[in-house]
Amino acid sequence: MKPFAALALGWRPMIGALALSTCLALPSAAQTASPPADPVFRALYEPELIMKHRRAIGLTDEQRDAISRLIRELQGKVVSLQWELQDQTTSLSAELDKPRVDLDRALDRMERVLQTEREIKAAHLTLLVRIKNVLRPEQQTSLRQLRDAPSDR
């Protein structure tokens with residue numbers, strides 16, 4: 001749901017959805033049954049896919065350790081950003097709950113929320129690109145084939 005669309009429905013559902021989507025964005029991508037249609041996402045490989053097929057692609061211990069290190073770095077950064085996002089969302093919600101809303105202040109607080117969301121998404125993209133760069137071209141080809149193969153579920 002887009003943040004501005006959520007404003008029309010009420011702010012509280014958006015807060016929950018925002019927090020949930022931010023916390024679960026990376027793991028939920030791997031749970032989809034069919035390959036994602038997003039061309040940017042399709043060019044990258046989520047960690048869960050790599051872990052699932054590590055033997056099939058011949059992932060080395062060094063590659064596994066490098067990917068684990070990258071994930072730990074992301075988690076540290078994203079946890080801090082999620083706290084910041086929660087504070088900003090609470091601040092925006094408080095502003096919107098007032099009987100008379102200062103539009104400029106509300107827009108400024110919304111911009112802060114959106115900026116932090118962008119930082120979280122940029123951190124996730126950075127992780128996925130760095131993970132891709134750890135993989136050899138033939139491993140990437142194998143992962144693409146494994147991901148695109150029809151599921152046996």
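The values are calculated or read from the model by the stated rules, or taken from the named source; none is laboratory data. As the structure is a computational prediction, the values presented were derived from the model and not from experiment. Note that each Cβ is placed from the backbone with ideal geometry, even for glycine, and that neighbours are counted across all protein chains shown. For the accessible areas, the whole protein counts, side chains as well, though only heavy atoms, and no ligand, DNA or RNA atoms are used. Shrake-Rupley method; radii C 1.70, N 1.55, O 1.52, S 1.80 Å.
Which values of log₁₀ I(q)/I(0), to two decimal places, follow from the Debye formula for the range 79-153 at q = 0.16, 0.18 Å⁻¹ with a uniform point scatterer at every Cα? Scattering profile of the range 79-153, log10 relative to I(0): -0.70, -0.77. What the Cβ-Cβ distance of R69 and S91 gives, at R0 = 30 Å and to the nearest 0.05, is a FRET efficiency of 0.30.
Carbon and sulfur together cover what percent of the accessible area of the range 26-152 at a 1.4 Å probe radius? C and S fraction of accessible area: 54 percent.
Amide hydrogen proximity for Y45: with H placed 1.01 Å from N in the peptide plane, the residues at 5 or more positions away or on another chain lying under 5 Å are K132. Accessible surface area normalised per residue over the range 64-145 is 62 Å², counting heavy atoms of protein chains with a 1.4 Å rolling probe.
Using a probe of 1.4 Å, the accessible surface attributed to R130 totals some 120 Å² when neighbouring protein chains are kept in position.
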